[in-house]
1. Just want the answer: with Cβ charges of +1 for Lys and Arg and -1 for Asp and Glu, which residue in A143, T489, L518 is farthest toward the dipole's positive end in the chain?
2. Rounded to the nearest 0.05, what FRET efficiency do A318 and R523 have when you use their Cβ-Cβ distance and R0 = 41 Å?
3. How large is Rg/Rh for region 197-354, to two decimals, with Cα atoms and a Kirkwood Rh?
4. If the cut-off is 27 Å between C-alpha atoms, which lysines fall inside it for K185, apart from same-chain ones fewer than 8 positions away?
5. How would you rank 536-543, 216-223, 65-72, highest first, on the average number of other Cβ atoms within 10 Å across their residues?
6. Would you mind computing, in nm to one decimal, how far apart the modelled labels at R607 and T225 are, each placed 7 Å from Cα along Cα→Cβ?
7. Hey, can you find the accessible area per residue of region 119-236 for me, probe 1.4 Å, expressed in square angstrom?
8. Cα axis of helix 528-548 to longest principal axis of the chain: angle in degrees, 0 to 90, nearest 10?
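The values are calculated or read from the model by the stated rules, or taken from the named source; none is laboratory data. Note that the coordinates shown come from a computational prediction; the quantities given were computed from them, not determined experimentally. Quick reminder, even Gly has a Cβ in these numbers, built from the backbone with ideal geometry, and neighbours come from all protein chains shown. Side chains included, ligands, DNA and RNA excluded: accessible areas come from the protein's heavy atoms. Shrake-Rupley method; radii C 1.70, N 1.55, O 1.52, S 1.80 Å.
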Amino acid sequence: MSPTSRTAESLHRTLLGDRAGLLAVLDRPGSPAGDGLRPEEIPPPRRTGPPDGGEPAERSYGLLEMLRSTVGVNRSCVTDPRRYFALEEWAAVVDPPLAALLAAHLNLCLGSLLQLGSSPEAEKALEDLEAGRATGAFLATEAVWGSDLARLRTEARYDADRREFVLSTPDDGAVKFMPNNALRKLPKIAVVLARLRSGPQDHGVHAFICHLGTVDEPTPGVRVTPLPDKPGMPTDNALTRFRDARVPLGALLDGDGHVRDALRTGGSPPIDRPAAFARSVARVGIGKVGLSAVSAAMARAAVTIAVRFAEHRHCAGAGAARVPLIKHRVHHTALIDAVADTYVASYAAGAGMATATRAAARRHVVPTPDEAHRYTMTKYLVTSLCHHVLAASQGLCGAHGMFAVNRIPLYLAVNRGCMTAEGDNTVIALAAAREMVHGHDEATLRSPATHPLPSAGDLQAWAALAAAREGQALRTCHRALAAARRAHTHVLDVWNACSALFLRLADRHAHRIALDELLAAHRQADDAEARQLIACLGEVHALGDLRRDAAAALRDGLIVPEHLALLDHRTDHCHDRLRPRLPLLVDGFGIPDSLLGVPAASPAFVRDYLRTHRSGREH
Ligand SMILES: Cc1cc2nc3c(=O)[nH]c(=O)nc-3n(C[C@H](O)[C@H](O)[C@H](O)COP(=O)(O)OP(=O)(O)OC[C@H]3O[C@@H](n4cnc5c(N)ncnc54)[C@H](O)[C@@H]3O)c2cc1C
């Protein structure tokens with residue numbers, strides 16, 4: 001192994017850890033990726049039914065079946081989430097809508113059945129999903145109840161005589177909105193969140209198994225209406241309405257069965273509504289990390305395509321000669337910034353995955369507050385950062401970046417979905433910041449002190465500066481909240497007076513996490529050049545963040561005006577250092593060429609475009 005590839009290998013290990021082995025299995029010949037993904041080789045779903053809309057999503061269902069029958073899409077991915085994350089990372093690169101499908105089918109539906117089910121009905125549904133006899137969906141969101149899911153209105157009324165629940169949608173606003181259940185080439189099994197009622201009592205939100213229908217017809221009382229197209233993200237989203245759909249007692253997913261026991265014996269179930277809700281949405285925590293893994297994998301792929309494009313694409317140089325795009329400083333500095341952010345996002349996603357894996361080993365069903373906070377911050381940080389990387393990568397490929405065959409538009413659309421699904425980023429970041437403010441006593445926060453600008457490569461000092469900026473943001477929130485409470489009586493006015501500062505606190509907190517994870521990766525790297533590169537990438541990221549937030553850092557006295565003059569110089573130095581290492585840095589992502597055979601990544605792109613349009617007619 002040459003020193004260069006040893007460095008790339010070392011970077012790869014810091015990025016993927018022990019998921020690298022799982023991904024390698026997916027990339028081996030004979031596995032779904034094989035020696036290159038050829039759409040014509042993707043088998044159709046095993047049975048075909050009447051056309052029922054959502055056709056573009058069929059490709060993803062075909063790939064899901066390939067994964068199931070080759071590497072397995074089953075309960076082992078729940079008990080060892082690294083398997084789930086590796087599947088998501090692979091899917092994200094190859095077919096981003098498949099990643100969205102896996103999130104619902106495997107993590108939310110199959111995961112809920114495994115962790116919350118203890119009835120023969122739950123076991124049967126689980127086996128059907130694992131054997132490919134059905135696909136899964138998770139029906140939580142309602143048309144009117146999105147981010148405030150706990151108020152959802154779908155009802156599950158207990159019929160004591162028949163020991164069944166009757167699912168119903170009380171009004172248009174309570175129709176289930178978004179889940180992927182329009183396409184039913186296989187029977188569809190759903191986990192449905194509904195408000196449990198027995199007699200006049202409301203026992204809060206619980207999860208229920210509901211078979212939505214066979215290939216030929218929907219279940220009595222279930223009506224599914226496909227939603228219109230979402231450009232760039234062809235998943236089979238639908239509206240679902242229940243009208244007296246009956247499910248057995250064993251369909252209630254209450255973990256140990258205590259609610260079912262109480263209902264069966266005619267008693268009133270113990271009502272711990274917050275606990276029931278937390279249990280019903282428990283898989284959303286892992287889901288947030290999964291969406292982070294998806295976004296980071298797509299960012300790695302997009303930036304690899306953009307670097308390859310910049311190497312083969314020629315354009316005007318300063319004189320008559322044409323030069324590769326990568327020779328232009330404005331172009332390669334933008335690439336370096338995107339690569340740096342991609343490393344940061346990947347490290348943060350990796351840390352979230354490690355937290356989730358440890359939690360699974362401890363058999364935690366409902367995340368602890370610390371775990372939940374970590375999952376939230378991981379999604380907020382990673383999916384937002386990747387959004388910038390993906391948009392930059394698209395722009396750096398010019399017109400080529402706009403074509404679906406080059407995948408970046410699909411990556412962007414799915415990343416946009418990741419920012420919204422399983423908790424809208426703004427909403428969850430604000431909630432996390434609110435918890436931080438309420439969880440800290442202002443008196444315990446240290447006063448700000450001016451920091452020297454960290455010297456080159458000193459990630460420890462950058463992490464310390466990030467922590468100081470976070471502490472100051474927290475103090476600012478405390479003061480703003482106290483002032484708002486004095487000035488306003490209405491709760492919304494108090495909140496509106498400080499919510500922008502709370503969002504800024506979330507940003508500062510996310511940046512501190514990013515620096516901590518960079519530092520951890522730096523320590524972990526087993527190659528000297530890899531360590532130097534990580535330090536330099538971290539500095540590019542930290543300098544960019546400080547430049548964007550310089551006004552606040554100056555106002556808070558954390559830096560002095562003289563530092564501002566140094567920012568550009570230091571950034572230039574890092575860019576110069578990293579420029580020759582750009583190809584090596586994307587080699588560190590370790591994406592096999594067979595997975596990235598898109599026209600924009602190849603000097604033979606014209607031929608590739610012609611080949612992808614083989615069936616088309618020339619004019
Ligand atoms: C790709 C994709 C797949 C999905 N899959 C599923 C699925 O399988 N099952 C399922 O049940 N659901 C699914 N969803 C729905 C998803 O859970 C919701 O979209 C999400 O919870 C946000 O709800 P909403 O879209 O209704 O947005 P809203 O809650 O209406 O938010 C709209 C806007 O208002 C802002 N906002 C909302 N509340 C506040 C507030 N309190 N303060 C400030 N701003 C606020 C948000 O930031 C956002 O910009 C999916 C969504 C997407 C995008």
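1. T489
2. According to the calculation, E is roughly 0.45.
3. Checking Rg against Rh, the ratio lands at 1.23.
4. The qualifying lysines are K124, K176, K230.
5. Result, highest mean first: 536-543, 65-72, 216-223.
6. If labels sit at R607 and T225, their model points lie 5.1 nm apart.
7. 41
8. 80
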